[in-house]
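The values are calculated or read from the model by the stated rules, or taken from the named source; none is laboratory data. Everything quoted here is computed from the prediction, not taken from an experiment. No Cβ is skipped: glycine too gets one built from the backbone with ideal geometry, and neighbour counts run over all protein chains shown. These accessible areas exclude ligands, DNA and RNA; they are computed on the full protein's heavy atoms, side chains included. Shrake-Rupley method; radii C 1.70, N 1.55, O 1.52, S 1.80 Å.
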Amino acid sequence: MQKELKGQIKDFIINTFLGGKGSIKEDESLFESGLIDSFGMLELVAFVQKKFGVSVKPSEVMIENFSCVNKIVQFIDKKQKGS
Amino acid sequence: MDKILFFLLFLTASFLGYWFLPHKSRSPFLLIASLFFAFSFSAGYSCLFLFNIVIIHYISNILKNKNDRGKVFYLRLSLLWLIGNLCFFKYNNLIFNFANLLLPIGISYVTFRLIHYIVEVYRGNIVNTSFIELAVYVLFFPTFLAGPVDRFPRFNSQSREIRKFEIAEFNYGLLRIIYGVIKKAVIADRLAGFIMPVLHAPQGYPRGIVILSVYGLAIQLYMDFSGYTDMAIGIARLFGYKIMENFDKPYFKKNIALFWRSWHISVYSWIRDYFFFPVFGCRASKAMIYLGTVVTMVVFHLWHKATLGFLFLGIYHGIGLLVWQLFQVVKRKYSFFKNVHSYRWPGLISWFITFSFVSFGCIFFNSNITSAFNIIKRIFM
């Protein structure tokens, strides 16, 4: 389940921010590497909401929750278990 | 007494007192020194700051024992109070015109720190803080006047750390202060002497000189502002504190998004984390994100100053960022653009366009709207 989730997130990042080419590591910092800026972060949040049916609260939109693929998966997992 | 002499005496006394005291007395001492510094500007406003710190500290303790609904209520109450305070004083003369109040010096930075603190307490990222720790963070005198707005966890871990005086840190601090003084007093102030007469009466000068003055203005603003930051970082380092940097070679960046990640970093990242992300982050619509980019830039600039010029500047940079984001979409679609920045000449052209875009925006930073349009008229007509 988690593997599938990670794959979908990676695919989105590669298609949206890398033009469909290249690869990213699951613990690679998306912001520090410069791959994603604040605008990209919101694109990512929108994707997570639409794709996984997760409702993200304003106070949860922070870099810590979306800093790398692993963190995003953890966040989705926590939200899905909580709801 | 001369202001500079007063500050030097105050700094020397604070420095000696701080390092002679044992570790547990240093934070209370820094708070007293910072309060003395704040009171030297205005006793009344310093009491207001203290009152706000007491309230936020009190509410932060309540937040720890509340359920989710209760927490949201207290968070909203705190934000309403703090933002209300800032807006009232910042825009009093423009909107309320109540009793000709002066703008309290340092109110923006005090408010930003308190909002950051209460939001992070709400999120559970800050726990177990004493009143003195919070007050030292908010009023820390090296960064009281012009920032940077450091983050509490980073700052407080340094307050708690038992430190010994280190000559290398002291030397670094002094060097940063000297850099700051040179940037501000030697470069920025002298440059202003050359360019301001041109920008105030552009019709009397050749077009080339006016254009050069606009670029000069961008450099002057950077030297002025980053000079203050260097001094603040240097003074903080004399007390062993490593404060976050506010600038990262902004005029060498090759696009406007990178520029904004390297200019006034502490406040820009604050606006991003506590305005752009929470307000526009969960809308799940691209149009809202685009709108959010422009609105955030407008808010950021109107925070600087509530004038027509700053409103224009906010829209100008907002649209700049928007165009850059739309260009990213195009870039992803067409392979020709993908590696365009890694080539030398397109890289130089990107840098020149970015620097020119930012420099021309500075016209609105420095002048009223009529003078700004006079400069533009002289350049383009």
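With one equal scatterer per alpha carbon and no solvent term, the Debye-computed log10 I(q)/I(0) for the stretch B:193-320 at 0.11, 0.14, 0.15, 0.18 1/Å reads -0.52, -0.80, -0.89, -1.13.
Applying a length cut-off of 20 Å (Cα extent along the axis) and a mean Kyte-Doolittle floor of 0.0 to the DSSP H helices of chain B leaves B:3-20, B:23-39, B:43-64, B:68-91, B:107-123, B:167-181, B:207-238, B:286-304, B:308-333, B:344-366. Anything over 23 Å Cα to Cα? Flag those among B:Lys184/B:Lys249; B:Lys183/B:Lys249; A:Lys57/A:Lys78; A:Lys6/A:Lys51; A:Lys25/B:Lys286; A:Lys78/B:Lys64, in the order listed. As for pairs spanning more than 23 Å Cα to Cα, those are A:Lys25/B:Lys286.
Measuring with a 1.4 angstrom probe and ignoring ligands and nucleic acids, B:Tyr117 comes out at about 0 Å² accessible.
Under a Cβ-only charge scheme (Lys and Arg +1, Asp and Glu -1), can you give me the dipole magnitude of chain B about the Cα centre, in debye to the nearest 20?
Numbers: 38 positive and 14 negative charges, 239 e Å.
Magnitude of the dipole: close to 1140 debye.
Translational diffusion of the stretch B:12-78, estimated by Stokes-Einstein from the Kirkwood radius over alpha carbon pairs at 20 °C in a medium of 1.002 mPa s, is 150 µm² per second.
The alpha-carbon positions of the stretch B:276-324 define a convex hull whose volume is 63 Å³ per residue. Bridgeable aspartates and glutamates around A:Lys71 (alpha carbons under 13 Å apart, same-chain partners fewer than 8 residues away excluded): A:Glu26, A:Asp27, A:Glu28, A:Glu60. Shown here are the Rg and Dmax of the Cα trace of the stretch B:106-197, at 17.4, 54 Å. Among B:Asp2, B:Asp230, B:Asp189, the sequence by solvent-accessible area, most first, with a 1.4 Å probe is B:Asp2, B:Asp189, B:Asp230. Summed over all non-identical Cα pairs, the Kirkwood treatment of the stretch A:2-82 gives a radius of 12.6 Å.
How long are the semi-axes of the equivalent ellipsoid of the stretch B:167-238, defined as square roots of 5 times the Cα gyration tensor eigenvalues? Whole Å, largest first. Walk me through the numbers on the way to the answer.
Details: eigenvalues 219, 13, 11 Å².
Largest first, the stretch B:167-238 gives 33, 8, 7 Å.
Give the range of the longest stretch in chain B that excludes all GluC sites (Glu not before Pro) found in loop regions by DSSP and having at most 14 other beta-carbon atoms within 10 Å.
B:1-160
When only the Cβ of Lys, Arg, Asp and Glu is charged (+1, +1, -1, -1), the dipole of the stretch B:167-238 relative to its Cα centre reaches about 100 debye. Projecting the Cα atoms of B:Ser350, B:Leu313, B:Tyr334 onto the dipole axis of the stretch B:250-380, where Lys and Arg carry +1 and Asp and Glu carry -1 at the beta carbon, places B:Tyr334 farthest toward the positive end. If you take the alpha carbon atoms of the stretch B:3-160 and fit the smallest convex hull around them, that volume is 111 Å³ per residue.
Taken over the alpha carbons of the protein assembly as shown as equal point scatterers, the Debye sum produces base-10 log I(q)/I(0) values at 0.06, 0.08 Å⁻¹ of -0.30, -0.55. For B:His301, the accessible surface of its heavy atoms amounts to roughly 10 Å² (probe 1.4 Å, protein chains only, rounded to the nearest 10).
Sorted largest first by accessible area at a 1.4 angstrom probe radius, with every protein chain in place, the residues B:Ile4, A:Ile9, B:Ile315 fall in the order B:Ile4, B:Ile315, A:Ile9. The charge dipole of the stretch B:1-88, taken about its Cα centre with unit charges on the Cβ atoms of Lys, Arg (+1), Asp and Glu (-1) only, comes to about 420 debye.
Remark on B:Phe247: its backbone amide H falls under 5 Å from those of B:Ile265, a criterion applied only to residues 5 or more positions apart or on other chains, H modelled at 1.01 Å from N. Only one residue of B:Leu199, B:Tyr268, B:Phe29 has its Cα farthest out toward the positive end of the dipole of chain B, where Lys and Arg carry +1 and Asp and Glu -1 on Cβ, and that residue is B:Tyr268. All C-alpha pair distances within chain B, sorted into 10 Å bins from zero, spread as 5, 19, 29, 27, 15, 5, 0 percent across the bins. Loop-located trypsin sites (Lys or Arg not before Pro) in the stretch A:15-83 (DSSP state other than H, G, I, E, B) with a sparse environment of at most 13 neighbouring Cβ atoms within 10 Å: A:Lys21, A:Lys25.
From the Cα gyration tensor of the stretch B:250-380, with a ≥ b ≥ c the square roots of its eigenvalues, which class applies: rounded if a/c is under 1.5, or else prolate if a/b is larger than b/c, or else oblate? Oblate.
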